[in-house]
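The values are calculated or read from the model by the stated rules, or taken from the named source; none is laboratory data. None of these values were measured; they are calculated from a predicted model. Areas reflect the complete protein model, heavy atoms only, side chains present, ligands, DNA and RNA absent. Shrake-Rupley method; radii C 1.70, N 1.55, O 1.52, S 1.80 Å.
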Amino acid sequence: MNITAEKITAAAKKLCEAPGPSGRECAAFAAAKELLAPLGEVTRTPLGSLLCCVNEGKEGAPHLLLEAHLDQIGFIVTRVEDGFLRFSKVGGIDARWLPATPVVIHAEKGDYPGIITSVPPHLAGDGADHSIKIENLLIDTGFTAETAAKLFAPGDIVTFAAKPAQLQNGRLAGPALDDRIGCVAVLAAAEEIAAEKPDCRVTVMLSSMEEVGGQGAGTGGFAVMPDYAIAVDVSFGDGFGCAPEKTAPLGGGTMLGYAPILDREFTLKLKKLAETHEIPVQHEPMGGRTGTDADELAIAGQGVRTALLSIPLRSMHTVAETIDPEDVVNTARLMALAAKEGI
């Protein structure tokens, strides 16, 4: 297979540099469309999910959907106040690491830099609440109150200014890897599938709004109505102070999900396929919801037999999300083999 860590890293950088918080995925959609266009016609659902049939397949053969979510966490401006911006989170964000974080405000007249700030503890006064909460933070735009009032408005979106950075051992760190790296795995598998033209029909869906409820996957799954679906997301990678029983090592392979909502037979087929082709797999049992688009895909229409592959990711929902590209390679290989050898 022609899936390499170098290709994975290049595609990840391209996708991660395109802003796209939940409900405002347009720039990320455009970047993904550019990568997918050689494989088939790209369409957009009413809620902003991307769809592309990358292999027509043979009549009567099963229809497989490969899915990852295109949106990222971010912020929305709630108030312009004396040159500063008050904001609320879009998706799950821990306020503790936000102070001093550079951001980009995507306003009607263009993109502007800013930095998240708060009242210094020295000036907060006796008895002040020193805990870090979103409502106590502001974005400093550098503009005067008069100029800021003209440039910014409630509803403007805000994303992190950081770009993906290469670490040692080929690892990649930066914002939006949740779940642009899942999108990259799907794209890599789609290239292999389009080249090999297996019997099954294969559609790619890069969904909107996963971070705020999975609405893009649910409606997109209803539009496509596949026989089977593989959702690709990230899950907790190992790290300092993280319980090993709740995480998986980076570089240890894709994480195969087991949960009530996931199709047991399909999941075990993927497990067997990985064993046969010596693809490293880590196992992730969950007693309830998976917390991914798999939950929405499985109940689309009359129901879809759904499996879940997750890429280990360290420092989730921060500007320093970290992955090992080899885990992405193996995730893509497993999906391509599932299409090639039959579901």
ask   = Could you give the length gained on full extension between Cys26 and Leu167, defined as 0.36 nm per residue of separation minus the Cα-Cα distance, in nm?
value = 47.9 nm
message = Based on the alpha carbons, how large is the Rg to Rh ratio for the range 1-85 when Rh follows Kirkwood?
response = 1.10
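Rounded to whole Å and sorted largest first, what semi-axes of the equivalent ellipsoid does the C-alpha gyration tensor of the chain yield via the square root of 5 times each eigenvalue?
Output for the chain: semi-axes of 37, 22, 18 Å.
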ask   = What shape does the range 207-343 have by the C-alpha gyration tensor, where a ≥ b ≥ c are the square roots of the eigenvalues, rounded means a/c under 1.5, and otherwise prolate means a/b greater than b/c and oblate the rest?
value = oblate
query = What residues qualify as long-range amide H neighbours of Asn55, i.e. H under 5 Å apart, gap of 5 or more or another chain, H built at 1.01 Å from N?
reply = Val202
note = Rounded to two decimals, the Rg over Rh value of the range 208-264 from Cα coordinates and the Kirkwood Rh reads 1.05
query = What value, in deg cm²/dmol to 500, does the helix sum -39500 (n - 2.57) over DSSP H runs of n ≥ 4 give at 222 nm once divided by the residues of the chain?
reply = -8500 deg cm²/dmol
ask   = Considering only Cα-Cα distances, which of the following residue pairs are longer than 31 Å: Lys33/Lys197; Lys133/Lys271; Lys7/Lys269; Lys89/Lys197; Lys197/Lys246?
value = Lys133/Lys271; Lys89/Lys197; Lys197/Lys246
ask   = For the chain, what is the accessible area per residue in Å² when the probe is 1.4 Å?
value = 44 Å²
key: Sorted largest first, extent of the range 144-290 alpha carbons per principal axis (Å)   = 65, 42, 35
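Counting only protein heavy atoms and using a 1.4 Å probe, what share of the accessible area of the chain belongs to carbon plus sulfur, as a whole percent? All intermediate terms of the calculation are to be shown ahead of the outcome.
Values: 7950 of 15060 Å².
Ligands and nucleic acids excluded, carbon and sulfur give 53 percent.
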